[in-house]
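K.L.:
Right, I'll just put the structure down here and ask away after.
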Amino acid sequence: MSGGRRGSLVDNRTGQQEDTMKKQWWQNKTAYQIYPKSFYDSNGDGIGDLPGIIEKLDYLKYLGVDILWLSPIYQSPLADQGYDISDYYQIDPRFGTMEDMDRLIKEAKSRGMYILMDLVVNHCSDEHEWFKKAMADPEGEYGNFFYLADQKDGRPCNWRSYFGGSVWEPLPGTDKQYLHMFHKKQPDLNWENPRVRREIYKNINWWLEKGLAGFRIDAIINIKKALPMQDYPADRADGLCAPDVMLSHAEGIGEFLKEMRDETFRKYDAFTVGEVFNEKPGELEQFIGDDGYFSSMFDFNEHLIGQDPRGSYAAKAVTAEQYKEACFGAQEKIGDMGFYSTLIENHDEPRGVSHFLPKGQVCEAGKKMLAGLYFMLRGLPFIYQGQEIGMENVEFSSIDQVDDISTRAEYQTALDAGLSPEEALAAVGESSRDNARTPMQWDDTLHAGFTAGQPWLKENPNYVDINVKDQMGRPDSVLEFYRSLIRLRKDERYQDTVVYGSLQPYLREQKNLMAYFRKGETQTLLVIGNFQKDAQEVRLPGAVKHVLINNLESWKEEGSTVQMCGWQFVVLEME
Ligand code: NOJ
């Protein structure tokens, strides 16, 4: 586990740099992801927008978060909700204007907050001018911006795209085909071409000059392909193989990532968090160590639990023991070499409370327990919009209610595997990305107070019970519980331990119990979550000085044990 080396800068006596993780400006912060399309609609067109975000900055300040990551708001056909960019220098008019963006950066700054944008540079949109130029003249300069191949030679490889089907698609109007790791409207950019890389760095610096604090970096592991392209053993009846097989053969991504860091982020002391799933064993330090390519990357270990190579229809429910081991495994891996960014959900995942708590047992106490357990891990906690009020998965009664291209592809995979339409919908509905994309639930008025028009995606009907208005100021609400976790992270008396302290599991073998120490130089905190609906007895390792956080009112300490109620979560300061 993170072995107790504390982050410190320079030894005052010797002037020598100590062999410890460097402290960085962002490490004691709390981050919040905004999915702009579903956050707050200021003009009644059913789509959330930048002025809407500005209106809600005071709410975010009240919550206590510091770093705001915006999913893409660049000009885009929105085939993959903005992860298909047609102009990296423009704001999509549906989200607002460049003036709105500048105002957002300024308004955030005046509240002591930082804005991150999403950096989507593995691919662009097929409506980007580079791609249009490549179509017009595949042999010309822009043809080399993409991966093109002659159609007459057949597909260069049997890789499957993340959204199903081959990665190869005919290049309209030509005798060529192009590669897309994601949707066919997201052609991959050819990072082997230095001109492409230069264009990307120019754009990153342009945004950083505007005052952005950094970026969340999308799908970045895909920029390096295993070349020359070749087939790998097929893993489904379609004769294709999963993209991660190719990634495991791709060598040399570090050269690109190092170059990007040095040409851009490093010059601005920007914070970057990578969406990285497939780093190779031993590569973590190169990615996020002191001299890493990124400041941080997401800990997705918990999100991989129960996945099945056949498709999301075959995924299994997560158990408390699996969750605990995934968290501890990740902490062991990272130690104090760097800082993961921790999360229970984002715009690509189902709602964390619906996914990680047992079906039929989702309740406010359980939501708070889950919040506390991941929040107190060593790392930078990210909250996804709506998570702070305990938003839950939505029920789909027909595939027509699903907007997301990935869920639709998974639905087809389930049908192909022989599931009935009802079974397929029920199965893929559980993990659908649309669960997280329903409108933010602000109050109990029509459309959850998200829009005065028709929302682009139907709201979850439970907004009448679960909404910000109800929870703000209600002392026992999920929202106020998140605020108390953030307050503890900011509390000068505890911050050093909460942010930098080492992490050691406690009673790891005790079933449905997740407990760990956070140890600072002079302080020990004990975090305990009873991950089940029934009470259980927990042995205490010593005397309790203070109960710093408790998601329930009761505290039943009896000698050297405590009776933890179902879903109870506490943070204790030990003597
Ligand atoms: C990861 C993003 O988070 C997801 O929403 C998107 O579909 C893919 N990358 C492709 O950009």
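K.L.:
Restricting to region 100-129, and then to whatever is touching a strand residue (DSSP E or B) at 6+ places or on another chain (Cβ under 9 Å) and within 23 Å of Gly44 (Cβ to Cβ), can you tell me which residue is most open to solvent (accessible area, probe 1.4 Å)?
P.N.:
Checked region 100-129; the qualifying residue most open to solvent (accessible area, probe 1.4 Å) is Asp100.
K.L.:
Let me ask something additional. Tell me, please, whether a residue that is more than 16 Å from the ligand (Cβ to nearest atom), over 24 Å from Arg216 (Cα atoms) and among the small types (Gly, Ala, Ser) can be found in region 121-136.
P.N.:
Yes.
K.L.:
For region 143-170, which positions are open to solvent by less than 40 Å² (accessible area, probe 1.4 Å) and over 21 Å from Cys241 (Cβ atoms)?
P.N.:
Within region 143-170, Gly143, Phe145, Phe146 meet the criteria.
K.L.:
Hey, another quick one. Count, please, the residues in region 260-285 that happen to be in a loop (DSSP other than H, G, I, E, B), touching a residue at least 40 places away in the same chain (Cβ under 8 Å) and under 20 Å from Lys225 (Cα atoms). Show your work before the answer.
P.N.:
Let us first name the residues in region 260-285 that are in a loop (DSSP other than H, G, I, E, B), namely 264, 269-270, 275-283.
If we keep only those that are touching a residue at least 40 places away in the same chain (Cβ under 8 Å) too, we end up with 264, 269-270, 275-279.
Next, only the ones that are under 20 Å from Lys225 (Cα atoms) stay: 275-279.
Of the residues in region 260-285, 5 are in a loop (DSSP other than H, G, I, E, B), touching a residue at least 40 places away in the same chain (Cβ under 8 Å) and under 20 Å from Lys225 (Cα atoms).
K.L.:
Now for a separate question. Among the listed residues Ala317, Ala365, which satisfies the condition of being open to solvent by 10 Å² or more (accessible area, probe 1.4 Å), away from the ligand (no atom under 16 Å from the Cβ) and in contact with a Pro (Cβ under 8 Å, 6 or more places away or on another chain)?
P.N.:
Unique residue meeting the criteria: Ala317.
K.L.:
Criterion first (of a type in the set (Phe, Trp, Tyr), open to solvent by less than 40 Å² (accessible area, probe 1.4 Å) and within 16 Å of the ligand (Cβ to nearest atom)) does Tyr384 satisfy it?
P.N.:
Numbers: of a type in the set (Phe, Trp, Tyr): yes; open to solvent by less than 40 Å² (accessible area, probe 1.4 Å): yes; within 16 Å of the ligand (Cβ to nearest atom): yes.
Yes; evaluated as a whole, the condition is true for this residue.
K.L.:
Could you please let me know if Glu395 is in contact with a helix residue (DSSP H, G or I) (Cβ under 9 Å, 6 or more places away or on another chain) and open to solvent by 40 Å² or more (accessible area, probe 1.4 Å)?
P.N.:
yes
K.L.:
Let me ask something else about it. Filter region 74-120 down to the residues that are touching a Lys or Arg at 6+ places or on another chain (Cβ under 9 Å), within 14 Å of the ligand (Cβ to nearest atom) and within 17 Å of Gly214 (Cα to Cα) and list them by number.
P.N.:
Leu116, Met117, Asp118, Leu119
K.L.:
For Lys56, indicate whether it is surrounded by 17 or more Cβ atoms within 10 Å (Cβ to Cβ) and either over 27 Å from Ile486 (Cα atoms) or touching a residue at least 12 places away in the same chain (Cβ under 8 Å) (or both).
P.N.:
In short, yes.
K.L.:
Let me ask something else about it. Consider Lys152 against the criteria (1) touching an Asp or Glu at 6+ places or on another chain (Cβ under 8 Å); (2) free of Cβ contacts under 8 Å to residues at least 60 places away in the same chain; (3) within 19 Å of His183 (Cβ to Cβ): it satisfies all of them except one. Which criterion is unmet?
P.N.:
Result: Lys152 passes all but (3).
K.L.:
Residues that are more than 29 Å from Lys359 (Cβ to Cβ) and buried (at least 20 other Cβ atoms within 10 Å of the Cβ): does region 527-543 have at least one?
P.N.:
The answer is no; no qualifying residue exists.
K.L.:
Which ones in region 171-199 are open to solvent by less than 10 Å² (accessible area, probe 1.4 Å), outside any strand (DSSP E or B) and more than 13 Å from the ligand (Cβ to nearest atom)?
P.N.:
Within region 171-199, Leu171, Trp191, Val196 meet the criteria.
K.L.:
Which of the residues spanning region 431-457 are touching a residue at least 60 places away in the same chain (Cβ under 8 Å) and either assigned to a helix (DSSP H, G or I) or open to solvent by 30 Å² or more (accessible area, probe 1.4 Å) (or both)?
P.N.:
Hits for region 431-457 are Ser431, Arg433, Asn435, Ala436, Ala452, Gln454, Trp456.
The values are calculated or read from the model by the stated rules, or taken from the named source; none is laboratory data. Because the structure is a prediction, the values reported are computed rather than measured. Methodologically, a virtual Cβ is constructed for each residue, glycine included, from the backbone with ideal geometry; neighbour enumeration extends over all protein chains shown. Only protein heavy atoms, including side chains, enter the accessible area calculation; ligands, DNA and RNA are left aside. Shrake-Rupley method; radii C 1.70, N 1.55, O 1.52, S 1.80 Å.
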